[in-house]
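Have a look at the structure below, then the notes.
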Amino acid sequence: MTPPTILPYVSLQHDFANVIADVRDGTIVSEDIYLSGYKSGSPCVHGKVNVYKDDDSREPQLESRDGVDLKFSGTHGFTASIPGIGIADATLRVARQTISFNAEGTNNVRRISAFDISPDGSLVAAGHLDGDVSIQSAAALASVPVKKKKRLHVSTVLVSVFSEPISLNNESDILSL
């Protein structure tokens with residue numbers, strides 16, 4: 001059996017799109033955002049990218065440093081390179097739309113950091129920035145309240161994947177996630 005391939009990955013500052021919009025709108029002149037790279041068995045790379053607008057351009061510009069490189073790629077994408085850990089031109093996409101869950105019984109908007117749709121298409125699992133995992137019906141996603149949720153992590157949920165069909169009949173069902 002072939003051992004699994006462990007891939008390096010990048011992490012871009014969570015509110016980088018807001019920083020770029022603030023520079024584009026002239027709210028701020030420039031600001032740094034962070035770009036980090038991770039690879040098992042290698043030191044982490046934490047670099048910065050200055051977002052600025054010069055007199056000759058209408059759109060923000062990017063100036064990378066500290067071992068990272070970030071470039072615009074189309075209207076909703078970027079490429080990131082971190083040569084020190086073997087990442088070359090990784091494609092990063094910016095969401096065009098944000099879907100938010102309201103926390104049950106409150107007006108607090110739940111920001112989704114990861115999601116997956118069950119193999120049969122009936123359920124959506126969403127990981128949230130605060131570590132909660134929510135599951136709800138895909139058929140009425142916009143109006144149905146969260147069916148089940150459980151705090152399974154102490155930090156942001158980065159990946160959500162259904163591995164087999166599930167049904168949620170009681171509270172203990174979600175613990176198998």
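The values are calculated or read from the model by the stated rules, or taken from the named source; none is laboratory data. Because the structure is predicted, anything quoted here is derived from the model rather than measured. Reconstructed Cβ throughout: ideal geometry from the backbone, glycine too, with neighbour counts over all protein chains shown.
Listed conditions (1) assigned to a loop (DSSP other than H, G, I, E, B); (2) at negative phi; (3) surrounded by 11 or more Cβ atoms within 10 Å (Cβ to Cβ) are all met by D55, apart from (3). For segment 64-80, filtered to residues that are outside any strand (DSSP E or B) and hydroxyl-bearing (S, T, Y), the residue that is surrounded by the most Cβ atoms within 10 Å (Cβ to Cβ) is S73. Would you be able to tell me the number of residues in segment 35-81 that are among the basic types (K, R) and within 17 Å of L7 (Cα to Cα)? So the answer is 1.
Taking the conditions (1) outside the structural domain of I87 (by TED's automatic domain parsing); (2) under 23 Å from the mean Cα position of the chain (by Cα); (3) not aromatic (F, W, Y) in turn, T2 satisfies each one other than (2).
Here K71, K53 are screened, and the one residue that is over 21 Å from the mean Cα position of the chain (by Cα), modelled with pLDDT of 90 or more and among the charged types (D, E, K, R) is K53. Given the condition touching a helix residue (DSSP H, G or I) at 6+ places or on another chain (Cβ under 9 Å) and closer than 14 Å to A80 by Cα, answer yes or no: does some residue in segment 9-25 qualify? Among the residues of segment 9-25, at least one is touching a helix residue (DSSP H, G or I) at 6+ places or on another chain (Cβ under 9 Å) and closer than 14 Å to A80 by Cα, which makes the answer yes.
N50 falls short on exactly one of the conditions (1) surrounded by 14 or more Cβ atoms within 10 Å (Cβ to Cβ); (2) in contact (Cβ under 8 Å) with a residue 24 or more places away in the chain; (3) not β-branched (V, I, T), and that condition is (2).
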